[in-house]
Structures are given as C-alpha cells and as structure tokens.
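Working notes for the structure below.
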Amino acid sequence: MNVPARSKQGALGVETIGMTKRFGGFTALDDVSIEVRPGSFHALLGENGAGKSTLVKCIMGFYTPTEGQVVVAGRETDIPDPRAAHAMGLGMVYQHFTLVPSLTAAENLVISREDAPKIIDWRRERRELTQFMDTMPFKVPLNTPVARLAAGERQKLEILKQLYLGRRFLILDEPTSVLTPDEADEVLGLVRGLTEKGEISVLMISHKFREVTAFADEVSVLRRGRKAGGGRVADLSHADMAEMMVGAETLARPAARAGAVGAPVLRLDGVRAGDASGLKTIEIDDFEVRAGEVVGVAGVSGNGQSEFMEILTAQRPTSAGTIKVHDKPYGATRAEHRALKVRYLPEEPLKNACAAKMSVAENIAFREFDLKKDGSVRIWLDQAAITRQGAEMVKAFKVKTASLESPIESLSGGNVQRAVLSRELSGEVDLLIISNPCFGLDFTAVAEIRQRIMAARNAGAAVLLMSEDLDEILELSDRVVVMSEGRIAYETPIASADMAEIGRHMAGHD
C-alpha cells in the first residue's frame, strides 16, 4: 500500500527547552519552554510579534534556534529543515490553504507524498485512498476539485493530508480564520476527537479565546518573545489569558454608542459586476449605509467582499446599477472623495494604501499634500507642513516609528494601520469604507483601531465595515448583512442578531 502508514505508537509529545532565537541584535524568542503532552490539545496565544510564529518555525526546522532544544518523544533532537521535521512525524496546517484548487482532493493527497510516482496508477491510488478514508473520523469527497469544496471541507482536507502523510504532531496556525462558526466548531471538534483517541497531539495558534476554552486542554501565552504564563484551560478565564497577553497595559475600549442614525449616505441600486474568477456575478441590490451607523458585512472569504470593496473604489468596473453618495452619482474619483468626504481603509494597507518606500510623514500627507488651507492647488510642496502634520498625527494615533522620515514599510502592521487611519480620519468624514481593519494585528492595536472606528461613527460618519472576523462585526456593527455567492443573503439589526443564524447564512444555507 502506497499510503503512508500511521504509526502504532500514536501521538507524539513535543517540548521546547530554553528556546531562543536572535536575528542580529533583535531577540524574537527569549528562553521559551513549553510542553505539548502526547495526545493533548495545546493552545498558543500571544499578540502579533509575540514570538508564536518564530517558535513553531524553530520546531518545524524553518529556523535554527540560537539557543535551546526541541525534544520529540522524550529525546533531544536537531531539526535542520522541514523535511527532517516531517520524517519525525511533525506537520503543520497553515493559516491559508496550500491545496491546488484545480486538482481533486485525491490528486492533492497523492502529489503531497515525497514518493509520489512519476506515472500514477490512479485506480490503485483511489482504492488505497478509499481504504485510508475508511479509517478517518471525517470525510471529504475525493473526486471533487478543491475549488468546489466549501471552506470547512478544504480545512478538513488540509488536516487529512497531514494524517495521510503520517504526521502525529500537528501545528494548526489560525485554523478557523476563514471558517464560519459552525465549520470552526466542527473542524476543531474532529481534531479534538483525534487527540482524545491518542492518535495525534496538537499545538494551535489562535487569537480566539472562545475556541481555546472550548477545545484546548492547556494554553501557553507569549508576550514580547518570552513566555508570560499558561496552564490548564479549565483553570483560566478569558480575562486571565488576556492579562497574560498584554500585561499591565490598559486597552482602549470602543467608545459607547452615541447619536441617532441619520439619512442615507451611501446607496447602491442594482449594481452588477463580474467576480474575481470571471465566472460569477456580484449583485448588490437596494443597499444603503446611513449617517451615524456601522453596517458590518460578514461572510466567508471568497463570497464577494473583496469585489464589493473594489467596486466602491472604482477598481472593478460595473455593468449595471448606480452608486450614490449623498444622493449624488459616485465614481470614486479623487475630487469626489474630497467633495463628498469619503475615506477608505483597504485590506493590507501597506500594499493598497501606501507608498511603501516613502516616509511615514509623506504617506500621512497624501490626502492633502497638494492643497492649500483654502482648498486651492499648491504649486510647491510645503515640507515643513508635511512634517508638522505627520508629527501631530503620529502623536494623536500613537504610531510607533523610529522617525517621521522612516519608510512606512519599516513599521509593524498595527502601526501602518494607525498611520493610514490618522490620514483617513483627519478632518470631516461622512463615509468610511473599511475592509478587514484588524487582520493579523496584535491585541492592543485591535482595541485601539476599533475605538477609532466607533468614534467616527459617533461623530456622524456612515461606516461600511467588511470583515471576516465575526466577533469584530458583532462588536462594532449597528446592522449586519451577510454576503454569500456574491449577494446580500441576510440582514439583521445588531439588537436581534443571532450568531448561529448569521453563521448559517455565511455557510450558504438560506
């Protein structure tokens, strides 16, 4: 049989002892010791930049630790590269899918083997894959192209691939970031079942306290490269874990909701556009966002949210319908941005809203660098004014930078977000369009950015928030809509929102 045999020894225990990793003068990981017991489900928490990725990359052989040891099954061992880690039974399921979309599930499994033959006997392989699947606690359709699988099925296939390859210790990197709540619970429940049977051990990187509490046995928390605490999950509250993550820092809280909802600011009627694949149509009918409200657009990745943002920024042409701001036709020109007071915070702003090589001050100045105070066009740049404005915004929005002259690409993700927000929220704002504003950011940055968004809403701005983080949607929104297959599939006021119902529509169940 060509299918890699799972070891009868069962789950592997893995431990790091005094793990330290330095990059020049920067210490990314400092004397970290954690133990994942055989057959346990262990969670790894920490802010962005706390050292989580560095730790697991040392375990998997992507990095060689400066100091410290990895212990596998009770033995100290050197792991020079990922292939050596795989040979020991260690595997990793990444945050983003690594499957080939055009190939079937069966084809993805077979080509993942190091001993995959040059000429494949598919009749034999499918027969042996069927035998393998019969031993698994969950299934995926083997002959369906991955592109046609739901997100939950793709994540199951990523896990099945690791089991198929004989892994007995799995690192899960934010495994539910693109899943609905129901899919997340199903996938993690199945993984939990495998640990309880003693077949695998799991180390899961997560930012979601609910999932840690529901599925993990133990948790370790990193802060600024060091282990800040941990223990049995049953003995820790969410507040305990949050305090370990951020220490004594006081987190900014979203401002209390204030003010009444006003007139419509943004309105779309009968808008049609092609999606990213060119095979489907984005259809937005009778949609509006009013002054003084946050409308949250929820949905699993790939259901049209990115295209919706591109439509509103004129990066994706429409074939029908109208877009209006303050009841005026809107084509997302720079002149219209200014006149109608429209601002944007796109996903991945370093790529989509910045000139990476230019300075922090210059990026902050992009909106008005060529205008005088009276609104007329400036012929010569006023470098002193650019520096002065940059200093004011850096201070007000707590942007951490070595210098105003530093290239903005040198900033951390959270500080890039703060810098772009300082630019987009300066002056009067009537419409704020945001996409995944906190993706990949640390705990403190998330709290501060959400506070800024709520403050804009309270000042009377209409806010359209697109996010794949349902917790973020529920925290900030006055009204929630769900996108599925390129359409608005569901809408509910936040006061009567039900997570299970929202999740059902995110999964495509009308």
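Just so it is clear, none of the values below were taken in a lab; they were calculated from the coordinates. Since this is a predicted model, take the numbers as computed values, not measurements. Glycine also receives a Cβ, built like all others from the backbone with ideal geometry; neighbour counts cover every protein chain displayed.
How much net charge surrounds residue 98 when only other residues with a Cβ under 12 Å from its Cβ are counted (Lys, Arg +1; Asp, Glu -1)? Working shown, then result.
Details: positive: 154, 161; negative: 158, 173.
Result for the neighbourhood of residue 98: 0.
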Per-residue ellipticity at 222 nm attributable to helices in the chain (runs of n ≥ 4 DSSP H, -39500 (n - 2.57) apiece, nearest 500 deg cm²/dmol) works out to -9000 deg cm²/dmol
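Note down the relative contact order for the range 168-303 as a percent, whole number, built from C-alpha pairs under 8 angstrom at least six residues apart.
Values: 139 pairs, mean separation 23.1, N = 136.
Relative contact order here is 17 percent.
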Zone reached by a paramagnetic label modelled 7 Å from residue 382 Cα along Cα→Cβ, restricted to the range 406-441 with backbone N below 16 Å, covers 427
Per 10 angstrom bin, beginning at 0 and ending with the bin that holds the maximum distance, the Cα pairs of the chain fall in percents of 4, 17, 25, 25, 18, 9, 2, 0
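Over the range 70-194, what is the mean sequence separation of C-alpha contacts under 8 Å (at least six apart), divided by residue count, expressed as relative contact order in percent? Walk me through the numbers on the way to the answer.
On the way: 111 pairs, mean separation 48.8, N = 125.
Relative CO of the range 70-194 lands at 39 percent.
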quick shape note, the range 350-427: Cα extents on principal axes in Å, largest first -> 35, 23, 22
Treating only Lys and Arg (+1) and Asp and Glu (-1) as charged, each at its beta carbon, one finds that the chain has a dipole about its Cα centre, in Debye to the nearest 20, of 820
Here the equivalent ellipsoid of the range 388-510, derived from its Cα gyration tensor, has semi-axes (largest first, whole Å) of 31, 16, 11
Whole-Å distance linking the alpha carbon centroid of the range 155-214 with that of the range 351-365 is 38
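Which net charge results for the neighbourhood of residue 36, defined as the other residues with beta-carbon distances under 13 angstrom from its beta-carbon, given Lys and Arg at +1 and Asp and Glu at -1? Write down the numbers at each step before the final one.
Values: positive: 37, 168; negative: 15, 35, 217, 218.
Around residue 36, the surrounding residues sum to -2.
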Violations at 21 Å Cα threshold for listed pairs 161/197; 324/372; 21/227; 139/161; 341/373 -> 324/372
Expressed in angstrom and ordered largest first, the alpha-carbon extents of the range 278-357 along the principal axes are 36, 31, 26
Scoring the chain by relative contact order with C-alpha pairs under 8 Å, at least six apart, yields a percentage of 16
Scattering profile of the range 14-246 from the Debye formula, Cα beads only, expressed as log10 I(q)/I(0) at q = 0.13, 0.17 Å⁻¹, is -0.79, -1.26
Among trypsin sites (Lys or Arg not before Pro) in the range 302-383, those in a DSSP loop whose Cβ has at most 11 other Cβ atoms within 10 Å are 357, 373
Length gained, residue 73-residue 130, 0.36 nm per residue minus C-alpha separation, equals 17.5 nm
log10 I(q)/I(0) for the range 314-354, Debye formula on C-alpha points only (no solvent), q = 0.15, 0.16, 0.31 Å⁻¹, two decimals, reads -0.45, -0.50, -1.11
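Could you compute the longest span of the chain free of GluC sites (Glu not before Pro) located in DSSP loops and having at most 10 other Cβ atoms within 10 Å, not counting the site residues?
Within the chain, the longest run free of exposed GluC sites (Glu not before Pro) spans 115-427.
Ignoring chymotrypsin sites (Phe, Trp or Tyr not before Pro) that are buried or in helix or strand per DSSP, and keeping those with at most 12 other beta carbon atoms within 10 Å, what is the longest stretch of the chain between them? Before the final figure, lay out each step's value.
On the way: sites that count: 94, 380.
That gives 95-379 as the longest site-free run.
Report the full-extension gain for the segment residue 320 to residue 334: residue separation times 0.36 nm, less the Cα-Cα distance, to one decimal in nm.
Details: separation 14, 0.36 × 14 = 5.04 nm, distance 2.23 nm.
Length difference between fully extended and current span is 2.8 nm.
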Residues whose built amide H sits under 5 Å from the amide H of residue 204, excluding neighbours closer than 5 in sequence, are 42, 43, 44, 172
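Do the alpha carbons of any pairs in 156/208; 57/357; 208/357; 328/351 sit beyond 24 Å of each other, and which pairs?
The pairs that break the limit, which is 24 Å between Cα atoms, are 57/357; 208/357; 328/351.
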